[in-house]
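Some notes on the structure that comes next.
No value in this document is a laboratory result; all are computed from the given coordinates. Owing to the predicted nature of the structure, the values given are computational and were not obtained by experimental measurement. All Cβ positions, even for glycine, are placed from backbone atoms using ideal geometry, and neighbour counts span all protein chains on display.
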């Protein structure tokens, strides 16, 4: 199926509901819509995912699937958990390369989650969001600036990423980066 560059609001609501239920039923990870420490859009701790209630649906879907990817990583790769818990600014170029691998894999895991749940029309959209998110994150780590991430969005500018298989994992609670 062709990937949508910009899905409709109705499609995003449908996908959020499908994925939220899939994460909870298949992986036993509750998804909560609640207040998350500003200016964050979501948070996770290895056993639950929080999505900020103030997010628009487009942000909520990306945050949900992306934080699922990080949840898998934190429960399967100790080094990725260390990377995710390090909130220090002024990262070196070497650290940014390692963060790129971490962030890209989280997105590829989120694409596998979408496919597993029968959602196969958002690969380009997810890939575009990852690229914008990582550009924003790179700028943040270099400067501390929290710019509007949308200035980094380049819909359809590069081919979509491919999914990677979701490994077996058991959710374990870890210290959250922000608000748990």
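Between residue 26 and residue 155, with labels modelled 7 Å along Cα→Cβ, what's the label distance in nm to one decimal, could you check?
According to this spin-label approximation, the distance is 2.7 nm.
How many nm is it between the label spots at residue 14 and residue 76, if each spot is 7 Å from the Cα in line with the beta carbon?
Result for the modelled spin labels: 2.9 nm.
If I build a Gaussian network model for the chain, linking alpha-carbon pairs within less than 10 angstrom, which residue out of 86, 133, 43 has the largest mean-square fluctuation?
Of 86, 133, 43, the Gaussian network model singles out 86 as fluctuating most.
Stretch residue 38-residue 100 to full length: gain in nm at 0.36 nm per residue minus the Cα-Cα span?
19.9 nm
Want the number for residue 170 to residue 86: 0.36 nm per residue separation, take away the alpha-carbon distance, what's left?
28.0 nm
Between the stretch 129-180 and the stretch 1-71, how many Å separate their Cα centres?
A separation of 13 Å, based on Cα centres.
What translational D, rounded to a whole number of µm²/s, comes out for the stretch 8-133 from Stokes-Einstein when the hydrodynamic radius is the Kirkwood one over Cα pairs, at 4 °C and 1.567 mPa s?
This corresponds to a translational diffusion coefficient of 87 µm²/s.
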